[in-house]
Amino acid sequence: MAEKKDFKSLSTEDLQAELQTTEQTYQSLKFNNAIATLENPKQLTALRKDIARIKTELRAKELETSEVPRDRIQARRRRAKKNK
C-alpha cells in the first residue's frame, strides 16, 4: 500500500474488481480501527486515495466510450453553474 499503483493499464473489469476488493479492505480496516487502533492508521488514508484513483480512472474510461461529445457535457455544466 506504500507505493502508488498504476490503474491506467487495467481494463474496466479489472478496475471494477480492484475497486470492490479495495473497498472491502477499507471497510474491514475501518471496522478494526473502531474496535482497536491500527498499527498504521495511514493505511485508511492510502486506501481512500486508491479508491478515488480507481473511480477516477473508471470515469475516464466511461467518458472515452461515451457517445456524447465532451464539449456538450462541459457546456451543460457551465449553463447549470450560471443558473445557480
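Just a few scattered comments:
- Relative contact order of the chain, pairs being alpha-carbon contacts under 8 Å that are 6 or more residues apart, as %: 37 percent
- Given (1) 84; (2) 71; (3) 128, the label whose value is volume of the Cα convex hull per residue in Å³ derived from this model: (3)
- Selection from N33, I73, Q43, by position along the positive dipole direction of the chain (Cβ): I73
Each reported figure results from applying straightforward, stated rules to the coordinates on display, with no laboratory input. This is a predicted model, so every value here is computed, not measured. So basically every Cβ, Gly included, is an ideal-geometry build from the backbone, and we count neighbours across all protein chains shown.
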